1. State all residues of the stretch 46-58 that are of a type in the set (A, V, I, L, M, F, W, C) and surrounded by 15 or more Cβ atoms within 10 Å (Cβ to Cβ); if no residue qualifies, say none.
2. Could you check the stretch 59-74 and list, in sequence order, the residues that are open to solvent by less than 40 Å² (accessible area, probe 1.4 Å) and part of a loop (DSSP other than H, G, I, E, B)?
3. List, please: which pairs have Cβ atoms under 8 Å, are six or more places apart or on different chains, and start with a residue in the stretch 1-14 that is more than 19 Å from Leu46 (Cα to Cα) and end with one that is surrounded by 12 or more Cβ atoms within 10 Å (Cβ to Cβ) and of a type in the set (Lys, Arg)?
4. May I ask you to list the residues in the stretch 19-45 that are free of Cβ contacts under 8 Å to residues at least 24 places away in the same chain and open to solvent by 70 Å² or more (accessible area, probe 1.4 Å)?
5. Return yes or no: is Ser79 modelled with pLDDT under 90 and among the polar types (S, T, N, Q)?
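The values are calculated or read from the model by the stated rules, or taken from the named source; none is laboratory data. What you see is a predicted model; the values in this text were computed from it and never measured. Please note: Cβ atoms are built from the backbone with ideal geometry, for glycine as well, and neighbour counts cover all protein chains shown. To get the accessible areas, we keep the full protein, side chains included, count just its heavy atoms, and leave off ligands, DNA and RNA. Shrake-Rupley method; radii C 1.70, N 1.55, O 1.52, S 1.80 Å.
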Amino acid sequence: ARADREGVYAELDLPALPEALPYADGDLTSLLMNLLDNALEANGRLPPGSAKWLTLGMAFRGEGLELVCRNAAPPPDGSATSKPDKLAHGFGLPLLRRTAARYGGSLAVERLDDCGAVTVTLGAAEREEAGI
């Protein structure tokens, strides 16, 4: 709904998940919300008339789960956050990194020619091992 309000084309490829996963629901929700929030924020910084878009996909890879978000984005400016209040923001990527690490996974952030891309991988950590 937010993407629609902000004129951002959103393409989602989110499969039905099994009822039991080795990841906490709150962690998955946090990952998805941070990925979408960052993508929408980047689209909001594009010059007027720019094509605004994002894609979000999730798939099982081997024994783990991979989440990939790509979005239109202006060139990077080198700061941790582009939001005006630098002290109250800039926590999204570190949170994604910590959550991925909790499950033996990783975070990859890339700047491609016309977009930004973030890939979060979660390993097949058992709930007990992850402190859940």
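1. Here is the first cut: in the stretch 46-58, the residues of a type in the set (A, V, I, L, M, F, W, C) are 46, 51, 53-54, 56, 58.
Hits for the stretch 46-58 are Leu46, Trp53, Leu54, Leu56, Met58.
2. Kept after step one, since they are open to solvent by less than 40 Å² (accessible area, probe 1.4 Å), are these residues of the stretch 59-74: 59, 64-65, 67-69, 71-74.
Across the stretch 59-74, the qualifying residues are Ala73, Pro74.
3. Cβ pairs passing all conditions: none.
4. Glu19, Ala20, Asp25, Thr29, Met33
5. On the way: modelled with pLDDT under 90: yes; among the polar types (S, T, N, Q): yes.
When the stated conditions are applied, Ser79 passes them.
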